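Taken together, the values in this text are just the output of simple stated rules run on the coordinates, not laboratory data. Remember, predicted model here, so these are calculated numbers, not experimental data. Glycine gets a Cβ as well: all are built from the backbone with ideal geometry, and neighbour counts include every protein chain shown.
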Amino acid sequence: MFVVFGGLFFLLFGRLLSIQITGQAEGRQMAAMAEAKYARESILKAERGKIVDRNGELIASDTLSYRLIAILNEKATEKGAKKKRHVTDFDKAADLLSRFIPMEKEKMIQIRDSAVKKNSEVYQIEFGKAGRDISHETMLAIKEAAEKEGVTGLQFIEDKKRFYPNGDFASYLIGFAMREEDKDKNVSTVGKMGLEKTYNEALTGTDGKVDYKTDIWGYLLPKSEEKIVAAKDGMTIQLTIDKTIQNFVEDAMNQVNQKYSPKKMLVVVTNPKTGEIYAMSQRPSFHPATREGLTENWLNEAVQNTIEPGSTMKMFTLAAAIEEKKWDPYAEYQSGQYTIYDKTIRDVNRTGWGRITFLEGFQRSSNVSMAYLLERMGDRTFIEYLHGFGFGEKVGIDLPNEVPGIILDINPSERLTTSYGQGSTVTPIQMIQAANAIANDGKMMKPYVIDKIVDPNTGEVVEDHKAEERKSPISAETAKQVREVLASTVTSDVGTGRKFALSGYSVGGKTGTAEISEGGGYLYGDGNYLYSFLGMAPIDDPQLLTYVIVQQPKLEPGQYGSDPVAELFTSIMESSLKYMNILPEDSQTSSTKSLSNHIGEDAASSMATLEQQGFSPVLIGEGGKVKSQYPEEGTKLSDGSLVLLETEGDTTLPNFSGWSKKMALSFKMLSGLDIRLNGDGFVTEQSLSAGAVISKNDPVVLQLKSPEDQHTPIEQNEAEEDEEVEEIIGG
């Protein structure tokens with residue numbers, strides 16, 4: 001026995017000595033084996049970047065969701081445990097789950113059988129797309145039902161999903177992102193369309209990790225170090241879009257869509273002074289979270305599709321003639337028809353209106369008047385002006401897959417039809433850029449939709465897009481004259497734009513009724529046209545430029561194609577102008593005054609000066625030197641207008657009653673307070689009383705109501721004058 005045990009002892013001792021010296025056992029490194037056994041890694045998931053509007057209001061972000069797992073292996077349940085941790089009756093579990101997730105019971109059983117066939121000891125299974133992106137409410141409902149029906153073995157893992165809080169909102173601009181599994185079974189959120197796809201790389205964050213060591217039971221070993229690599233969230237993309245104006249657009253389009261059921265609609269609202277796009281939407285549209293309503297068309301119609309613009313093009317023909325000094329508004333011509341070689345063009349009513357002035361011809365949207373203007377200035381000169389306005393080439397907007405359109409310039413008849421918007425093709429965004437030159441005193445501003453891209457991990461502004469002026473073919477004086485003529489199409493008794501008049505604001509613009517090319521020809525018949533209006537207001541100093549297109553609306557007897565266009569334009573413009581605190585012209589009780597610069601001055605003296613001038617100053621902070629102000633220097637304001645002055649120190653809450661959403665958001669940005677706005681329009685209630693001094697961690701909720709609830713609409717005259725039939729091109 002002594003010899004046997006002695007031998008075993010020396011054998012064991014030799015083995016231990018060998019392992020200690022070589023660090024190997026059975027040819028394998030012990031250190032590596034220990035590392036593999038005790039080392040752990042935990043993934044720190046990065047958030048996909050947010051998309052926000054110009055005021056920082058959320059448009060798209062990541063939110064918490066859950067992934068469903070069914071545990072099949074009996075080893076998951078410890079021996080003697082009363083509560084089972086694995087699925088004991090899969091048929092029953094599948095029946096329950098089929099009531100909550102979009103997958104049939106038979107398909108779940110098929111997934112289970114396939115997994116077991118590959119590996120009889122498979123531990124758990126998942127249910128693909130149907131088992132991901134489960135909401136918190138659905139997760140709780142499944143747990144409650146499982147508890148009630150005795151179903152075990154169902155577990156949920158926290159995950160991320162893309163959240164679009166505004167629903168169907170600029171969907172073809174924003175696009176959508178969805179969870180996708182790669183070849184290595186890794187699941188991530190990937191942009192599939194719109195800005196989500198274009199900026200997918202910038203929006204995608206980088207996951208972090210935590211490395212640590214545990215004992216065999218999973219507890220952290222004493223004195224072991226945690227190595228943390230922090231996750232880096234994706235970039236925040238701030239748009240020029242104004243959420244409130246975009247909502248005005250969406251609401252108006254929903255109403256017109258319900259009333260007229262057009263084949264397509266498009267609305268773009270911009271600031272002509274900067275080129276910033278405040279709203280962009282189209283119909284049909286879809287919900288980016290569910291993709292409900294998404295058709296085979298994935299194009300952003302404003303930049304990726306071309307149209308024949310119709311008579312809206314005439315404003316640029318007019319601008320070229322004025323710039324060339326060939327416009328004589330009171331000279332006369334014979335309306336009705338015009339022949340060039342073998343081609344004859346006709347006015348909207350085919351017979352014309354006899355001898356009329358060029359001004360009346362424009363107001364009536366006469367095609368023949370464009371032909372005579374072309375004679376006066378030269379058709380090749382006209383084409384040069386169109387290229388100067390940016391037609392025939394890409395605008396260069398910060399959106400993908402822009403198309404250039406084609407300006408036909410082979411023969412004189414093509415140049416003639418182009419003068420009134422037929423034959424040549426353009427994109428809506430080209431129309432916006434060209435019209436910016438008219439609205440902005442000859443300064444043609446490039447449209448853009450990305451304000452800036454910010455790294456949320458550092459606060460660094462990675463990209464900062466600024467207003468960009470393009471070379472314009474017209475002068476400020478020409479732009480002013482064009483605006484005067486455009487205004488007359490709305491105010492004249494014979495103008496085609498009469499129904500586009502706004503309540504309280506002067507407006508100018510041009511209507512369009514364009515043929516729709518299909519199958520090598522053009523569509524004809526009631527409503528088979530593309531109706532549009534390109535307008536701006538207030539006409540003396542336009543703050544908004546809006547382009548509205550409605551294609552093939554279903555019209556009742558007595559309705560015209562311009563009706564849905566006018567309903568869209570007037571609703572959007574009136575609401576937006578009020579929201580922007582632009583004083584209605586018919587409600588002015590005193591002349592407006594330009595705001596002076598108070599930055600760097602003493603707040604107390606600035607407040608006194610502003611009060612003497614008739615303004616209502618609001619102090620942000622405790623006083624001292626003024627750091628910033630809103631509105632900016634030079635802004636024209638009426639008596640009683642709010643002026644925000646930012647200083648250092650804690651802020652005392654003002655009385656927000658009656659404030660516009662724009663002013664409330666400006667106060668929020670300058671003060672840095674946690675102000676939460678519910679609704680649109682004007683403030684009616686606030687959660688904390690005026691006079692309260694609060695910190696930046698105290699939330700303040702403001703309740704707003706829409707302009708329709710705040711302003712009584714002026715009744716329109718029902719006895720409208722008879723209009724020309726718009727079935728023939730030229731409206």
- For ILE59, residues with placed amide H under 5 Å, excluding near neighbours: ILE51, VAL52, ASP53
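For TYR330 and LEU523, what is the calculated FRET efficiency with R₀ set at 35 Å and r taken between the beta-carbons, to the nearest 0.05? Write down the numbers at each step before the final one.
Values: r = 38 Å, r/R0 = 1.08.
Using R0 = 35 Å, I get an efficiency of 0.40.
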- Message: How big is the dipole moment of segment 53-129 about its Cα centre under a simple scheme where the beta carbon of each Lys and Arg is +1, that of each Asp and Glu is -1, and everything else is neutral? Debye, nearest 20, please.
- Response: 360 debye
- Find which of ILE474, GLY512, PRO456 sits farthest along the positive direction of the dipole of segment 452-514, computed with +1 on the beta-carbon of Lys and Arg, -1 on that of Asp and Glu, about the Cα centre. GLY512
- For MET178, net neighbour charge (Lys/Arg +1, Asp/Glu -1) across residues whose Cβ lies under 15 Å away: +3
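Please report the net charge: other residues with Cβ closer than 15 Å to the Cβ of TYR341, K and R +1, D and E -1.
On the way: positive: LYS343, ARG415; negative: ASP342, GLU375, ASP379, GLU414.
Every neighbour counted, the sum reads -2.
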- Message: Between 0 and 90 degrees, rounded to the nearest ten: what's the tilt of helix 603-612 against the longest Cα principal axis of the chain?
- Response: 30 degrees
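So how strong a dipole does the chain carry about its Cα centre when Lys and Arg Cβ are +1 and Asp and Glu Cβ are -1, to the nearest 20 debye? Write down the numbers at each step before the final one.
Details: 81 positive and 107 negative charges, 634 e Å.
Roughly 3040 debye, rounded to the nearest 20.
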- Message: How tilted is helix 428-439 with respect to the longest principal axis of the chain? Cα atoms for both, answer in degrees (0 to 90, nearest 10).
- Response: 50 degrees
- Query: What full-extension length gain, to one decimal in nm, is calculated for ARG355 and LYS118 as 0.36 nm per residue of separation minus the Cα-Cα distance?
  - Reply: 76.5 nm
- Query: Separation of segment 162-190 and segment 412-479 by C-alpha centroid, Å?
  - Reply: 30 Å
- Task: Between LYS143 and ALA467, with labels modelled 7 Å along Cα→Cβ, what's the label distance in nm to one decimal, could you check?
- Result: 5.3 nm
- Would you mind computing, in nm to one decimal, how far apart the modelled labels at THR88 and ASN581 are, each placed 7 Å from Cα along Cα→Cβ? 6.7 nm
- Taking +1 at the Cβ of each Lys and Arg and -1 at the Cβ of each Asp and Glu, which of THR489, TYR341, PRO284 sits farthest along the dipole of the chain towards its positive end, judged by Cα position relative to the Cα centre? PRO284
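Packing-wise, with mean Cβ within 10 Å as the measure, how do 510-519, 601-610 rank, highest first?
Values: 510-519: 20.9, 601-610: 16.6.
Ranked from most to least packed, the peptides come out as 510-519, 601-610.
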- Tell me which lysines have Cα within less than 23 Å of LYS661's Cα, excluding those fewer than 8 residues away on the same chain? LYS50, LYS243, LYS273, LYS452, LYS578, LYS593, LYS627, LYS636, LYS696, LYS705
- Cα-centred dipole magnitude for segment 56-188, charges only on beta-carbon of K, R (+1) and D, E (-1), debye, nearest 20: 480 debye
- Query: Mind checking the log10 I(q)/I(0) for the chain at q = 0.06, 0.07, 0.09, 0.11 Å⁻¹? Debye, one equal scatterer per Cα, no solvent, two decimals.
  - Reply: -0.50, -0.65, -0.93, -1.21
- Message: Using the Cα centre of the chain as origin and beta-carbon charges of +1 (Lys, Arg) and -1 (Asp, Glu), tell me which of GLY6, SER424, GLY658 is placed farthest towards the positive end of the dipole.
- Response: GLY6
